[in-house]
Amino acid sequence: MSITRRELALGAGAAALAGCAQEGAMEMPAPRERQFPSDFLWGVATSSFQTEGALDADGRGPSIWDVFPRDRIHDGSDATTANDSYRRYAEDVALIADAGMNAYRFSIAWPRIVPSGSGAVNDAGVDYYSHLIDALLARGVTPYATLFHWDLPLALQERGGWTSRDTTARFAEYADVVARRLGDRLKHIVILNEAAVHTVLGHVLGTHAPGLQDADQLGAVIHHQNLAQGLAIQALRAARSDLTIGTTMALMPSRPEGGVMSWLNQQAAAGFDEVWNGAFLDPLFRGSYPGAAQGMVESVLQEGDLAAIRQPIDFLGVNYYAPSYTRFNPTAPSFIEPAPPPRDTERDAFDRHVDPGGLHETLARVRDQYGNPRVLITENGCSDPFSDGPAELDDQFRIDYVRRHLEAVKSAMEGGSNIGGYFHWTLVDNWEWAEGYRSKFGLVAQDRSTGVRTPKASYAWFSALARSGTLDQ
Ligand code: GCO
């Protein structure tokens, strides 16, 4: 099934008439105070595939990223070593704790726990996370574990991956294993990481694993991740009553490119917003799909699904890097295509618009339109300028970037948003998916030949912030 171009255009049109079109940046009030609450979470975020390495160790099964073609990675690299965190996790824990951080968001590799995606549980894989959790707790750092950060067991992809409804049940079984085997000490769980990114880059653009370019599967992939999330939340709660459960979304204000086509671009941006943001927010918080997404999921939506997806959660994880820009193109699939940020705006190494106001806008939207849930910023950060050489140890640009985004967070809190923490992406420069190692997001550099970690200036800065809770000027 697919959404036709016409359906998407109509959906976008309806959204625009309903006043949903984004007109561009909103004013962000400067924060009145710079002191964060004493119970605020300060941490870093990582993911299994980008950091662990040791892909063949201790019975791990292959994931979809293990077989993603290296010629689609910009530096031709792979993640077989990454940060070697499977073996060096104690060093990571020491860096986190020594900086005075009180939380760490990592992800559990599903293929380490259930190597073939269903059936037998791999005890050695469970043990790895058990040791990591113990090491964190011993240093007073609260573990936040994401269940799915894109490394789907390959065996499940071979049976259709997220296009198949069966994957939702397998995910719930895996969640149950995590609760029963780790839940005595692991109390904070993030269900999915950025389902929108995994959907669009992995299944439509083909730039991420599983590398598909099949817009016809958009609805199935969206809906099955939403359903899997709902079933996993139910499984976790059935297994243990003392878990704090949330999920993480890549929320982006959707802005139209300006110019002569600006009215059509507004329709395109509104349609994109419904698919990128609304298709995940709405079913979780409202039990429905927004216009453009509704048409896409229709053929896979079964009775009871929306109730299963609309689970109460304890927090919403917000990952924010930049707004998106969209324009109308009559020859593009669904009439919409990405547009560059406006000229003369500040960009980061990814060519992303550096726009803390977009984070403020996102937080205000979640507050005003989705019932003001507790929010954790589960990712935010920027890359060094792309290079195959060493990282920039005197990374003032990163300090400025984080400071400005935390001003947006504080300002949103002063506006009534219920925000409980900030996890910087990331701890150590790691393997950045299609960019390979040339993009570096860490507070800590890594010598790739020795694995030796060297803190950057931002590490000391973030440490001072985590200890004091006071944002400097
Ligand atoms: C994402 C992922 C991370 C990235 C980070 C930097 O947002 O793409 O959650 O795995 O590495 O965002 O791009």
Of the conditions (1) out of contact with any His (no Cβ under 9 Å at 6 or more places or on another chain); (2) of a type outside the set (Val, Ile, Thr); (3) crowded, with 18+ Cβ neighbours inside 10 Å; (4) modelled with pLDDT of 95 or more, the single one that residue 348 does not satisfy is (4)
State yes or no: is residue 347 in contact (Cβ under 8 Å) with a residue 12 or more places away in the chain and not hydroxyl-bearing (Ser, Thr, Tyr)?
-> no
Within region 427-455, residues being among the charged types (D, E, K, R) and within 24 Å of the chain's Cα centre (by Cα) number 5
Within region 217-256, restricting to residues that are polar (S, T, N, Q) and buried (at least 18 other Cβ atoms within 10 Å of the Cβ), the one that is farthest from residue 68 (Cα to Cα) is 254
Output for Cβ contacts, cut-off 7 Å, separation at least six or different chains, first residue on the phi > 0 side of the Ramachandran plot in region 42-55, second within 14 Å of the ligand (Cβ to nearest atom) and in a loop (DSSP other than H, G, I, E, B), reads 53/79; 53/82; 53/83
Verdict on residue 82 being buried (at least 16 other Cβ atoms within 10 Å of the Cβ), within 16 Å of the ligand (Cβ to nearest atom) and on the phi > 0 side of the Ramachandran plot:
yes
Out of (1) over 20 Å from residue 146 (Cα atoms); (2) out of contact with any Lys or Arg (no Cβ under 9 Å at 6 or more places or on another chain); (3) part of a loop (DSSP other than H, G, I, E, B), the one residue 74 does not meet is (2)
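Would you check if there is a residue in region 403-425 being in a loop (DSSP other than H, G, I, E, B), under 24 Å from residue 88 (Cβ atoms) and at pLDDT 95 or above?
No, region 403-425 has no match at all.
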When restricted to 166, 214, the only residue surrounded by fewer than 23 Cβ atoms within 10 Å (Cβ to Cβ), closer than 23 Å to residue 434 by Cβ, among the charged types (D, E, K, R) and free of Cβ contacts under 8 Å to residues at least 12 places away in the same chain is 214
If we keep only residues of region 352-383 that are part of a loop (DSSP other than H, G, I, E, B) and within 12 Å of the ligand (Cβ to nearest atom), then the residue nearest to residue 255 (Cα to Cα) is 352
Picking from 195, 175, the residue that is within 16 Å of the ligand (Cβ to nearest atom) and touching a residue at least 40 places away in the same chain (Cβ under 8 Å) would be 195
Taking region 426-455 and keeping residues among the basic types (Lys, Arg), part of a loop (DSSP other than H, G, I, E, B) and surrounded by fewer than 23 Cβ atoms within 10 Å (Cβ to Cβ) leaves 438, 448
*Could you tell me whether any residue of region 328-340 is in contact with a helix residue (DSSP H, G or I) (Cβ under 7 Å, 6 or more places away or on another chain) and open to solvent by less than 20 Å² (accessible area, probe 1.4 Å)?*
no
Residue 458 meets each of (1) surrounded by fewer than 24 Cβ atoms within 10 Å (Cβ to Cβ); (2) within 16 Å of the ligand (Cβ to nearest atom); (3) part of a helix (DSSP H, G or I) with one exception, condition (1)
Flagged pairs (Cβ under 7 angstrom, 6 or more apart or on separate chains; first in region 117-140, of a type in the set (Gly, Ala, Ser); second open to solvent by less than 20 Å² (accessible area, probe 1.4 Å)) are 117/153; 117/156; 125/112; 125/113; 130/182; 135/93; 140/97
Within region 388-402, restricting to residues that are away from the ligand (no atom under 16 Å from the Cβ) and assigned to a helix (DSSP H, G or I), the one that is most open to solvent (accessible area, probe 1.4 Å) is 396
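From 203, 188, grab the single residue that is within 16 Å of the ligand (Cβ to nearest atom) and either within 28 Å of residue 380 (Cβ to Cβ) or open to solvent by 10 Å² or more (accessible area, probe 1.4 Å) (or both).
Selected residue: 203, the only one of 203, 188 that is within 16 Å of the ligand (Cβ to nearest atom) and either within 28 Å of residue 380 (Cβ to Cβ) or open to solvent by 10 Å² or more (accessible area, probe 1.4 Å) (or both).
On the given criteria, is residue 412 within 16 Å of the ligand (Cβ to nearest atom), small (Gly, Ala, Ser) and touching a Ser or Thr at 6+ places or on another chain (Cβ under 9 Å)?
In short, no.
Residues checked against (1) over 20 Å from residue 111 (Cα atoms); (2) modelled with pLDDT of 95 or more:
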{"residue": "15", "(1), (2)": "yes, no"}
{"residue": "27", "(1), (2)": "yes, no"}
{"residue": "32", "(1), (2)": "yes, yes"}
{"residue": "38", "(1), (2)": "yes, yes"}
{"residue": "47", "(1), (2)": "no, yes"}
{"residue": "64", "(1), (2)": "no, yes"}
{"residue": "68", "(1), (2)": "no, yes"}
Turns out the strands (runs of 3 or more DSSP E) fully within region 232-347 with at least 2 residues that are away from the ligand (no atom under 16 Å from the Cβ), under 21 Å from the mean Cα position of the chain (by Cα) and among the β-branched types (Val, Ile, Thr) are 244-250
Looking at residue 107, is it within 16 Å of residue 447 (Cα to Cα) and surrounded by 24 or more Cβ atoms within 10 Å (Cβ to Cβ)?
no
Residue set 98, 58; condition surrounded by fewer than 19 Cβ atoms within 10 Å (Cβ to Cβ) and closer than 17 Å to residue 141 by Cα; output residue 98
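The values are calculated or read from the model by the stated rules, or taken from the named source; none is laboratory data. Just so we're clear, the structure is a prediction, and the values are computed from it rather than from any experiment. Cβ atoms come from the backbone with ideal geometry, glycine included; neighbour counts cover every protein chain shown. Ligands, DNA and RNA are stripped out before the accessible areas are found, and what is left, the full protein with its side chains, is counted by its heavy atoms. Shrake-Rupley method; radii C 1.70, N 1.55, O 1.52, S 1.80 Å.
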